[in-house]
Amino acid sequence: MSRLHTDRAGPGGDRSARRVALDALRRIESDGAYANLVLGPMLVSSGLSDMDRRFVTELVYGTTRMRRACDSIVDRFVTSPPDDATRSVLRLGAYQLVFAGVPPHAAVGETVGLAPKRTRGFVNAVLRKVSRLSVAEMAWPSDGARLSYPDWMVERLRSELGDDALPALERMNEPPPVTTRADGYVQDESSQWVAAAVRVGAGERVLDVCAAPGGKATAMADAGAAATVIAADQRLGRARLVAENASALALRLPVVAADGVAPPFRAGSFDAVLLDAPCSGLGALRRRADARWRITASDITDLAELQAALLSSSAQLVAVGGRLVYSVCTLTAVESIEHPTPAGFVVDPEPPELGTWRRFEQGWRVLPQDADTDGMVLIRYRRVS
């Protein structure tokens, strides 16, 4: 966990930043807003300095990510559940004190003033007790509470990864690294490895079925000399996002709004198809701070059914001799290796050209702790008939 901040001067600056963070947290916690969607516009309109914006971003993403752990810490010092508004302030304060390394006088003093007037004394007393707590010696009710994940998620990854589960969960509690491609596009390194695994060749026709926001499609378009790369996505707004990203990179990338289950392309019309399928995202949880609180165990079953339909329809678009690449940013078998090989295809046994991959049955998997990337599963097929 990063140790961030801050004993900055300025009587109002820190509190203004914390106020923006608290407003964002309340929208995420109470209104169900998505952290990545709600925070950007709030920062733009905040008038805060760049330094304060970074501080707000860490507070919002970190507190959201560590919500359950913060609650477990706070609940040691309360006898009855606080109301939602007070709970949000306590989480924000506990995150600063325990996980962000903010000095107690700043974390407590500036945060207490954000609480409802009727509970400020209570918040002050609780946060001062938290500031004196030795978390290293604290007995946690479960690994889920300590690492701040739902218990079902911890147990699911234990069943999938064994001894690698807790290191993966711990790594996904750290802020993700910022990785920039040569063309300036910011993209996680494991996603770059997936795009490279398609092996776009000169003169080929290549389709990215679920392309938004366009990272893999633009990487393939940039790498494929004289290749025609087409990007598709079901929602018009997401397809427009791909087009905008391609335009910003000055790339020729045709974009189509199309349903991947019923794609508007001729059978066998592509030399290579990439299906980066919708998934539970259990390998990319640090990138999506609130995702751990949204996804459910039943969602994984539903997503696996959608993936199977997408895999079947995508396979039909590949020409004989062509390639089908399937990837997901999750770690579960049911969303990856348990999908049957499409009819007329064989698995390509060769390891991907780039990346730190582990053999995973007929595919390849990278865990978050392997190379400080998102977790990902990749399977490559070749059409033989």
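Points worth noting:
- Any chance Trp364 is aromatic (Phe, Trp, Tyr) and without any contact (Cβ under 8 Å) to a residue 40 or more places away in the chain: yes
- Here Val135 fulfils each of the conditions (1) at pLDDT 95 or above; (2) under 29 Å from the mean Cα position of the chain (by Cα) apart from (1).
- Every condition in (1) buried (at least 18 other Cβ atoms within 10 Å of the Cβ); (2) at positive phi holds for Asn173 except the one numbered (2).
- Residue check, Leu97 assigned by TED's automatic domain parsing to the domain that holds Ser142, touching a Leu at 6+ places or on another chain (Cβ under 8 Å), at pLDDT 95 or above and outside any helix (DSSP H, G or I): no
- Leu303 falls short on exactly one of the conditions (1) in contact (Cβ under 8 Å) with a residue 40 or more places away in the chain; (2) touching a Ser or Thr at 6+ places or on another chain (Cβ under 7 Å); (3) surrounded by 19 or more Cβ atoms within 10 Å (Cβ to Cβ); (4) not in a loop (DSSP other than H, G, I, E, B), and that condition is (1).
- Ala250 being over 30 Å from Glu155 (Cα atoms), in the same structural domain as Arg266 (by TED's automatic domain parsing) and either touching a residue at least 12 places away in the same chain (Cβ under 8 Å) or in contact with a Phe, Trp or Tyr (Cβ under 6 Å, 6 or more places away or on another chain) (or both): no
- Of all residues in the range 255-268 being touching a helix residue (DSSP H, G or I) at 6+ places or on another chain (Cβ under 6 Å) and β-branched (Val, Ile, Thr), the one that is surrounded by the fewest Cβ atoms within 10 Å (Cβ to Cβ): Val261
- The one condition from (1) assigned to a loop (DSSP other than H, G, I, E, B); (2) not β-branched (Val, Ile, Thr); (3) not assigned by TED's automatic domain parsing to the domain that holds Asp23 that Leu133 does not meet is (3).
- Residue check for Asp271: buried (at least 16 other Cβ atoms within 10 Å of the Cβ), over 24 Å from the mean Cα position of the chain (by Cα), part of a helix (DSSP H, G or I) and among the acidic types (Asp, Glu): no
- Scope the range 97-108; condition over 30 Å from Glu155 (Cβ atoms) and either surrounded by 15 or more Cβ atoms within 10 Å (Cβ to Cβ) or within 32 Å of the chain's Cα centre (by Cα) (or both); matching residues: Gly101, Val102, Pro103, Pro104, Ala106, Ala107, Val108
The values are calculated or read from the model by the stated rules, or taken from the named source; none is laboratory data. All figures in this text were calculated on a predicted structure; none of them were measured in a lab. Cβ sites come from the backbone with ideal geometry, for glycine too, and all protein chains shown count toward neighbours.
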